[in-house]
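A.B. asks: First the structure, then my questions, so here it is.
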Amino acid sequence: MNTYIPKYIKAKSRGLLSKKIKQFTAIMTSCTLCPRQCKVNRTKEEKGYCSTGKKAFVSNFSAHFGEEPQLVGDKGSGTIFFSNCNLKCIFCQNYDISVNGTGQEVEDESIASIMLYLQKIGCHNINLVTPSHVVPQILKALDIAVDYGLNIPLVYNCSGYESIDTLRILKNIIDIYIPDFKFWEPNISKIYCHAWDYPQIARKAVKEMYDQVGDLKVNRAGLACSGLIVRHLVMPGNLDGT
Ligand code: SF4
């Protein structure tokens, strides 16, 4: 039995979700959703570094069994892979999706339907992969999906290159943060993801995430309900600065 009530359900019942959607929609008119700070008007289909305008693109969605065990359980993590990315590492394992932008443009209602489908097939959570540049669309979808019974934890699965202001708006919406921490040295992150400020930004972002959700909490079945998981990719030649 699912006894954990996701944060976004409480936020919606307190009227917070619609306020946050308005805040994000306003930010899109001069986009500073992420640290790239492109200041393009995405509501008019202007595109910045993430190559994404008004609507989100989705590459694929499924019950995924390759995530951390606390997310996977026996029915899988309900992953939604968003196309394009605000970081675009040159070694990305999903390069075709993150850099080439493979995927289909989707309405907010379609994202809501995908969330509900993943819940219906038994997934233990909704796992938003590369969500940072499409948080307004995600929250609009969430608003719809809650009305139709969405009630499983929401996972924010990101690169760690996050705006603190955006994260603060996401407070009380996201149940589980699962950021990467990729590099410790600016001269390395500049080469591999065109972001010299990645280390300092990611350090602050992980702290903000932890302040919001704290340590990982699991239910009796060992499945994550809320908290923080940090992933770290070990790279050749100590590029990662481990
Ligand atoms: S979300 Fe996209 S357009 Fe907005 S600041 Fe980031 S990279 Fe630029």
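The values are calculated or read from the model by the stated rules, or taken from the named source; none is laboratory data. What you are looking at is a predicted structure, and each value in this text was computed from that prediction instead of being measured. Note: ideal-geometry Cβ built from the backbone for every residue, glycine included; neighbour counts use all protein chains shown. The accessibility values were calculated without ligands, DNA or RNA, using every heavy atom of the protein model including side chains. Shrake-Rupley method; radii C 1.70, N 1.55, O 1.52, S 1.80 Å.
A.B. asks: Can you tally the net charge around Ile191? Count Lys and Arg as +1, Asp and Glu as -1, for every other residue whose Cβ sits under 15 Å from the Cβ of Ile191.
C.D. replies: 0
A.B. asks: For region 67-80, just list the computed ³J(HN,Hα) in residue order, Karplus coefficients 6.51, -1.76 and 1.60, θ = phi - 60°, integers in Hz, with x standing in for Gly and Pro.
C.D. replies: With the stated coefficients, region 67-80 comes to 8, 4, x, 5, 9, 8, x, 9, 10, x, 8, x, 7, 10 Hz.
A.B. asks: Now for a different question. Pop out the carbon and sulfur fraction of the accessible area of the chain as a percent, whole number, probe 1.4 Å.
C.D. replies: Carbon and sulfur atoms account for 52 percent of the accessible area of the chain.
A.B. asks: For the chain, what is the mean residue ellipticity at 222 nm derived from helices alone (per DSSP H run of n ≥ 4: -39500 (n - 2.57); sum divided by total residues; nearest 500 deg cm²/dmol)?
C.D. replies: Computed ellipticity for the chain at 222 nm equals -10000 deg cm²/dmol.
A.B. asks: Also, quick follow-up: For the chain, what is the accessible area per residue in Å², given a 1.4 Å probe and the full set of protein chains?
C.D. replies: It amounts to 46 Å² per residue over the chain.
A.B. asks: How large is the dipole of region 7-234 about the Cα centre if only Lys and Arg carry +1 and Asp and Glu carry -1, each at its Cβ, rounded to the nearest 20 debye?
C.D. replies: 620
A.B. asks: Once amide H atoms are built 1.01 Å from N in the peptide plane, which residues 5 or more positions from Phe181, or in another chain, come under 5 Å H to H?
C.D. replies: For Phe181, the qualifying residues are Arg231, His232, Leu233.
A.B. asks: Suppose every Lys and Arg Cβ carries +1 and every Asp and Glu Cβ carries -1, with no other charges. What dipole size does region 42-175 come out with about its Cα centre, to the nearest 20 debye? Display every interim value, and only then the final one.
C.D. replies: Details: 11 positive and 15 negative charges, 47 e Å.
Using only the charged Cβ atoms, the result is roughly 220 debye.
A.B. asks: Here's a follow-up. Just for the Cα atoms in region 1-45, what are the lengths along the principal axes, largest first, rounded to whole Å?
C.D. replies: 44, 19, 15
A.B. asks: Taking amide hydrogens as modeled 1.01 Å from N in the peptide plane, which residues meet the under 5 Å criterion relative to Ala56, leaving out close sequence neighbours?
C.D. replies: Val106
A.B. asks: Not counting ligands, DNA or RNA, and with a 1.4 Å probe, what is Arg14's accessible surface area in Å² rounded to the nearest 10?
C.D. replies: Using a 1.4 Å probe on the heavy atoms, I get roughly 150 Å².
A.B. asks: Considering amide H positions built from the backbone, and no H for Pro or chain starts, which residues 5 or more places from Thr102, or on another chain, come under 5 Å of its amide H?
C.D. replies: Hits under the 5 Å cutoff: Asn84, Ile97.
A.B. asks: Next up: Taking a ≥ b ≥ c as the square roots of the eigenvalues of the Cα gyration tensor of region 7-234, is the shape rounded (a/c under 1.5), prolate (a/b larger than b/c) or oblate?
C.D. replies: Note, shape of region 7-234 comes out rounded.
A.B. asks: By the gyration tensor of its Cα atoms, with a ≥ b ≥ c the square roots of the eigenvalues, what is the shape of region 101-242: rounded for a/c under 1.5, prolate for a/b over b/c, or oblate?
C.D. replies: prolate
A.B. asks: Cβ under 12 Å from Ile5's Cβ, Ile5 left aside: what net charge do those residues give with Lys, Arg +1 and Asp, Glu -1? Show your work: numbers first, answer last.
C.D. replies: On the way: positive: Lys7, Lys10, Lys12; negative: Asp175.
Computed value for this residue: +2.
A.B. asks: Can you give the accessible area of Cys34, probe radius 1.4 Å, in Å² rounded to 10?
C.D. replies: Result for Cys34: roughly 20 Å² accessible.
A.B. asks: Let me ask another. Within a Cβ distance under 11 Å of Phe181, other residues only, what is the Lys/Arg minus Asp/Glu net charge?
C.D. replies: Charge balance near Phe181 sits at +1.
A.B. asks: Probe 1.4 Å, all protein chains in place: accessible area of Asp143 in Å², nearest 10?
C.D. replies: 40
A.B. asks: Cα gyration tensor of region 159-242, axes a ≥ b ≥ c as square roots of the eigenvalues: rounded (a/c below 1.5), prolate (a/b > b/c) or oblate?
C.D. replies: Oblate is the answer for region 159-242, as a/c is 1.5 or above yet b/c matches or exceeds a/b.
A.B. asks: Another one. Post the alpha-carbon centroid distance, region 218-242 to region 1-48, in whole angstrom.
C.D. replies: Measuring centre to centre over Cα atoms gives 25 Å.
A.B. asks: Which is the longest run of the chain containing none of the GluC sites (Glu not before Pro) found in DSSP loop states (not H, G, I, E, B) with at most 14 other C-beta atoms within 10 Å?
C.D. replies: Value returned for the longest uninterrupted segment is 108-242.
A.B. asks: Got a sec to turn the phi values of region 45-53 into Karplus ³J(HN,Hα) couplings, 6.51 cos²θ - 1.76 cosθ + 1.60 with θ = phi - 60°, whole Hz, x for Gly and Pro?
C.D. replies: Ordered by residue, 3J(HN,Hα) equals 6, 5, 10, x, 4, 7, 6, 10, x Hz.
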